[in-house]
Amino acid sequence: MTDDTTIYQEKSVRITVNRQASAAWTHLVEQIVYGTSGPRYQHLNNQSKLDKLAGSYFFTLYYRDEAVGTYCVAPQRTGTPVGEVQSFYGRLLSIRPPYGDRGWGGLMKQEAVRFLTAQTAESHLFYSHVEYANRRSVRLSRKLHFQSLALLEALLFSRVSPRKNRRFGRLTDAERPTMFARLQEQYRPYTLVHLDHFYDEQNYFVLREHGQVVAGLQVFPVAWHIAELPGMGGAVLKHILPRLPVVHRLFDPRQHQFVVVEAAYVQPGREPELLTLLESILAQFEVTSALWVLDLDDPLHRALHRKGNWGPMRALTDRIFSYVMFEGHGVGVQDIKPGHVPVYVSAFDFS
């Protein structure tokens with residue numbers, strides 16, 4: 001599917017799908033400002049991210065033949081308690097101003113689900129991350145029969161002058177198969193697990209002791225333009241901190257470069273070593289902050305979120321939560337997340 005296929009037409013509104021991102025679609029994505037009552041931001045360096053979304057479904061909404069809406073759905077195989085399931089992860093849903101209040105975002109999501117369900121014979125599911133404070137998007141998802149599967153927290157780690165630990169290094173090609181097997185075992189009790197981006201760009205970093213890996217993380221460098229941060233701490237970060245000597249390196253709202261992480265491995269009882277690893281990662285990428293999103297049911301969240309030194313940016317910002325919203329076809333919530341089974345959170349998906 002290299003040409004636009006129209007899947008919806010009603011008067012002046014048309015929705016198309018393509019397996020490649022068109023120039024109009026890409027241009028729209030570059031203008032999106034994400035967030036509502038939480039942080040508001042724009043992605044920078046979009047093209048490199050779009051290159052890694054090859055094989056996704058790119059939906060475009062046209063109004064009077066002008067592209068005004070985008071939605072991307074990535075197909076993936078995810079591990080769950082009932083086995084591997086065909087999944088579709090939705091991202092980059094946006095309707096540009098001044099059309100945001102016409103219900104077209106919900107229409108795009110509805111038609112995308114309808115189209116992909118008609119194309120998929122086996123049991124499958126759709127899921128996406130929705131900001132907890134974005135009541136409008138939460139209501140919209142529930143209206144479309146999506147249910148809340150998990151509550152996630154975005155944990156912010158920062159250092160003004162990060163330093164590398166002497167045990168720090170990059171995972172080698174020779175170590176890759178063993179580490180992948182360890183991650184598969186570690187995340188076997190989780191749900192929505194997909195390790196598709198493990199070792200991406202060879203950016204899996206570890207701490208070693210006596211030749212053995214103690215802790216590891218997959219890393220993705222990211223750049224955002226921060227339009228707004230909530231609360232008094234957000235005002236300090238955005239307007240005052242960038243003017244101060246030395247600490248101005250901590251945060252540049254015009255082009256905030258940082259890293260996001262996933263696929264954590266740690267030896268049992270050594271969880272605080274992950275914070276040591278995070279500081280070394282900051283030094284490696286010459287940035288001052290990292291973002292790590294975890295399910296509140298994840299044992300790593302319970303072990304780490306109130307322990308150790310997470311740095312000044314976390315102290316200055318409000319806690320940020322989001323939902324994993326889910327709709328199943330042939331699978332239900334109790335199949336995918338029975339009890340307090342934690343959801344695996346892909347950094348590539350949320351960043």
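The values are calculated or read from the model by the stated rules, or taken from the named source; none is laboratory data. In this text the structure is predicted, and so the values were computed from the model without any measurement. Every residue, glycine as well, gets a Cβ built from its backbone with ideal geometry; the counts of neighbours run over all protein chains shown.
Are any of the residues in the stretch 65-84 within 23 Å of PHE220 (Cβ to Cβ), assigned by TED's automatic domain parsing to the domain that holds PHE126, loosely packed, with under 15 Cβ neighbours inside 10 Å and among the small types (Gly, Ala, Ser)? No, there is no match, as no residue in the stretch 65-84 is within 23 Å of PHE220 (Cβ to Cβ), assigned by TED's automatic domain parsing to the domain that holds PHE126, loosely packed, with under 15 Cβ neighbours inside 10 Å and among the small types (Gly, Ala, Ser).
Go over the candidates GLU111, GLU185, GLU122 one by one and state the one that is acidic (Asp, Glu) and either within 24 Å of VAL259 (Cβ to Cβ) or assigned by TED's automatic domain parsing to the domain that holds TYR344 (or both). Break it down into steps so the answer makes sense when it comes.
Details: GLU111 fails: either within 24 Å of VAL259 (Cβ to Cβ) or assigned by TED's automatic domain parsing to the domain that holds TYR344 (or both); GLU122 fails: either within 24 Å of VAL259 (Cβ to Cβ) or assigned by TED's automatic domain parsing to the domain that holds TYR344 (or both).
Among GLU111, GLU185, GLU122, only GLU185 is acidic (Asp, Glu) and either within 24 Å of VAL259 (Cβ to Cβ) or assigned by TED's automatic domain parsing to the domain that holds TYR344 (or both).
Does the stretch 58-70 contain at least one residue that is out of contact with any helix residue (DSSP H, G or I) (no Cβ under 8 Å at 6 or more places or on another chain) and closer than 22 Å to VAL345 by Cβ? No: the stretch 58-70 contains no residue that is out of contact with any helix residue (DSSP H, G or I) (no Cβ under 8 Å at 6 or more places or on another chain) and closer than 22 Å to VAL345 by Cβ. Where strands (runs of 3 or more DSSP E) sit wholly within the stretch 3-74, those with at least 2 residues that are closer than 18 Å to LEU93 by Cβ and modelled with pLDDT of 95 or more occupy 5-10, 13-18, 57-63.
There is no residue in the stretch 107-124 that is touching a helix residue (DSSP H, G or I) at 6+ places or on another chain (Cβ under 8 Å) and at pLDDT below 95. Farther than 23 Å from VAL33 by Cα, of a type in the set (Asp, Glu) and either out of contact with any Phe, Trp or Tyr (no Cβ under 9 Å at 6 or more places or on another chain) or without any contact (Cβ under 8 Å) to a residue 40 or more places away in the chain (or both), is that true of GLU66? For GLU66, the condition - farther than 23 Å from VAL33 by Cα, of a type in the set (Asp, Glu) and either out of contact with any Phe, Trp or Tyr (no Cβ under 9 Å at 6 or more places or on another chain) or without any contact (Cβ under 8 Å) to a residue 40 or more places away in the chain (or both) - is not met. Listed here are the helices (runs of 4 or more DSSP H) enclosed by the stretch 247-346 that have at least 3 residues being touching an Asp or Glu at 6+ places or on another chain (Cβ under 7 Å) and surrounded by 15 or more Cβ atoms within 10 Å (Cβ to Cβ): 299-304.
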